[in-house]
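Working notes, beginning with the structure itself.
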Amino acid sequence: MRNLVVAIVVSLFCFGCPEPPAEPDLDQQLQFIVDSKVQNNDAVRSAALHIDAPPLGLNWNGAAGMADPENGVPMTPGTPSRIASNTKTFVAAAVLRLAEEGKLDIDDPIAEHLQIDFVEMLEGDGYDTGAMTIRHLLTHTSGLFDPTSLDRYTEAIVADPNHRWTRIEQLQKAVDWGDPHGAPGEFYTYCDSGYGLLGAIVENASGLTMAAAVRELLDFEKLGMISTWWETLEPEPADLPERAHQYLGDVDTFDFHPSYDLYGGGGLVSTVGDLARFYRALFTGGVFADPATTDIMLTTIDGVQPLPEARPLGYRMGIWVVEIEGMTTYRHTGFFGTLATYVPELDLVVTAVTNQNRDGGALNEMALEAIDAVAEARE
């Protein structure tokens, strides 16, 4: 088993690292994977992993490390974390549900679904809101400049962590700090600002707050998502463990006001278990009324060119399509070390957190090793 062979080799040169179990069963392999990400990486204070693999009769979760190192609070699979950009998958699915209900069309111009001050602000900076569609926002092909990609945005957050950002204030930064990348549909570049606009579109099309609309459209209750909520926008569910501390390098961001990443590009707090339940439902018929909507979600706009600084291609609508070891996977990640993946070939959901933005690749390693372990168990 490749992942265990690698782990054994590493352990020979790593005093105090976790020992791989002798003749391990799959549960032991998975727990070893989680333990190793904390014990082999000083930056990772905590990690959690959830595996949902019905062909193996497996629904497993595990955790390691400390959710609150200062107070000695252990990480558990049920510890909530800010999932940051994993929120985009939820927002995209909510938009597509609104399309199913006939409340919008994803090829509608955004000017038809945004309040006038948003439209005027964008048009004043040279954006054509009549040509820019909801589909462009969903696929990051709108040409909209994203201020969150700049170091100065992070620096502003760290300098004033209690600042309460508004959606329109963030859009103003997009207008003030940059210019359009090109015409809608011309270029691909990942853009939080576009998903902030989608959050506003969800509100305007549904007549509800974004938090209430996404919760209702995706039916969190039916999916059993009892540990997921929009921080500050709706009440926190009762009787949950305290949210995990999450880090930007050595900076503990636990007390940072969540409004810097709240309005659609991020904003949800969840657990690895709830994320797994959502991904299982999303890709196996439990979210959309029409199965064809899943196919729509997995399409993009042909002929779009990536900007030089763009993150990898493969983005669809709130989801990346990524080839892993010859298998197609559907996945998304979040800024503070959160990840969710569905592997159709294995009917496998993997969700993981490391609660660290600068984890040296530990999050992806954990997911890849877990996929390897499940694939080998099926052979």
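The values are calculated or read from the model by the stated rules, or taken from the named source; none is laboratory data. As the structure is a prediction and not an experimental result, all values here were calculated from the model. For neighbour counting, all protein chains shown are included, and Cβ atoms are generated from backbone atoms with ideal geometry for every residue, glycine included. These area figures cover heavy atoms from the full protein model, side chains too; ligands, DNA and RNA do not enter into them. Shrake-Rupley method; radii C 1.70, N 1.55, O 1.52, S 1.80 Å.
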Run through every distinct alpha carbon pair of segment 86-187 and return the Kirkwood hydrodynamic radius in angstroms, one decimal place.
14.8 Å
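Give me the tail of P(r) for segment 191-250 as a percent: Cα-Cα pairs with distance above 15 Å. Walk me through the numbers on the way to the answer.
Values: 1096 of 1770 pairs.
Result: 62 percent of Cα pairs exceed 15 Å.
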What is the set of long-range amide H partners of residue 188 at a cut-off below 5 Å, with H atoms built 1.01 Å from backbone N?
305, 307
SASA check, residue 296, accessible area w/ 1.4 Å probe, all protein chains in place, rounded to nearest 10 Å², comes out at 70 Å²
Starting from a Cα-only point model with no solvent, please compute log10 I(q)/I(0) by Debye for the chain at q = 0.08 1/Å.
-0.40
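Can you divide the C-alpha Rg of segment 225-379 by 2.2 N^0.38 Å and report the result to two decimal places?
Working it through for segment 225-379, the quotient is 1.11.
Dipole of the chain, Cα-centred, from +1 at each Lys and Arg C-beta and -1 at each Asp and Glu C-beta, to the nearest 20 debye?
Details: 22 positive and 57 negative charges, 64 e Å.
Result for the chain is approximately 300 debye, rounded to the nearest 20.
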Can you list the lysines whose alpha carbon sits under 21 Å from that of residue 173, skipping same-chain ones fewer than 8 residues off?
88
So what are the ³J(HN,Hα) numbers for segment 295-310, from phi and the Karplus equation (6.51, -1.76, 1.60; θ = phi - 60°), rounded to whole Hz, Gly and Pro as x?
4, 4, 4, 9, 9, 9, 9, 5, x, 6, 9, x, 5, x, 8, 5
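Is the shape of segment 170-288 best called rounded, prolate or oblate, per the rule: a/c under 1.5 gives rounded, else a/b larger than b/c gives prolate, else oblate, with a ≥ b ≥ c the square roots of the Cα gyration tensor eigenvalues?
On the way: a/c = 1.82, a/b = 1.27, b/c = 1.43.
The shape class here is oblate.
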Counting only protein heavy atoms and leaving out ligands, DNA and RNA, the solvent-accessible surface of residue 320 at a 1.4 Å probe, in Å² to the nearest 10, equals 20 Å²
Using only the alpha carbons of segment 224-314, determine the length spanned along each of the three principal axes and report them from longest to shortest in whole angstroms.
44, 37, 20
From the phi of every residue in segment 143-150, what ³J(HN,Hα) in whole Hz does the Karplus formula 6.51 cos²θ - 1.76 cosθ + 1.60 yield, where θ is phi - 60° and glycine or proline is x?
x, 6, 6, 10, x, 5, 7, 8
Starting from the amide H of residue 348, placed 1.01 Å from N in the peptide plane, find each other amide H under 5 Å away whose residue is 5 or more places distant or on another chain.
343
Computed ³J(HN,Hα) along segment 214-225: with the Karplus parameters 6.51/-1.76/1.60, θ = phi - 60°, integer Hz and x for glycine or proline, the list is 5, 4, 6, 5, 9, 6, 3, 4, 4, 7, x, 8
